[in-house]
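Engineer: Please find one structure pasted underneath; my questions will follow.
The values are calculated or read from the model by the stated rules, or taken from the named source; none is laboratory data. Note that the structure is predicted; figures quoted are calculated from it, not measured. We place every Cβ from the backbone using ideal geometry, glycine too, and count neighbours over all the protein chains shown.
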């Protein structure tokens, strides 16, 4: 755990970006990208997708750093990817983003209920992250 191996970081960043493309498309369909853009003072969906892609790549690289060899197998990649997606559902739309935008924590039942579509997106993101990561770092004997 906790490795600075550039292969782990690169695999995580690419996996996070791959998942971010799919999740970003879903966010676009749900009209959520302008809110993401508000993190940098814009309301443009195009800016929202760029911000989301950067966040996806950075948090993907962090996945590679934290989980390193734990997620090298497909089972580990899927398991840790889903857990990581769930963690980021709590951190992103329930804590960091609403606080950043001045809305306060969204950890109430109503806040969590409103964020349910985002939960599915974060789990899909985590699944794709974990699968791509495992494929990229899998040891070939």
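Engineer: Considering the range 45-60 alone, what residues qualify as being exposed (fewer than 15 other Cβ atoms within 10 Å of the Cβ) and more than 14 Å from the chain's Cα centre (by Cα)?
Structural biologist: Hit for the range 45-60 is 46, nothing else.
Engineer: Moving on. Can residue 94 be described as under 17 Å from the mean Cα position of the chain (by Cα) and crowded, with 18+ Cβ neighbours inside 10 Å?
Structural biologist: yes
Engineer: Considering only the range 1-109, give the helices (runs of 4 or more DSSP H) lying wholly within it that have at least 2 residues that are over 17 Å from residue 127 (Cβ atoms).
Structural biologist: In the range 1-109, the matching helices (runs of 4 or more DSSP H) lie at 6-29, 33-37, 45-67, 97-100.
Engineer: A further question follows. Considering every residue within the range 86-96, establish whether at least one is more than 17 Å from residue 56 (Cα to Cα) and at pLDDT 95 or above.
Structural biologist: No: zero hits.
Engineer: Could you say whether any residue in the range 95-112 is within 14 Å of residue 18 (Cα to Cα) and touching a helix residue (DSSP H, G or I) at 6+ places or on another chain (Cβ under 8 Å)?
Structural biologist: No, every residue in the range 95-112 fails to be within 14 Å of residue 18 (Cα to Cα) and touching a helix residue (DSSP H, G or I) at 6+ places or on another chain (Cβ under 8 Å).
Engineer: To continue, here is another question. Name every residue in the range 30-44 that is exposed (fewer than 13 other Cβ atoms within 10 Å of the Cβ) and under 16 Å from residue 103 (Cβ atoms), in order of residue number.
Structural biologist: Listed by number, the residues that qualify are 41, 43.
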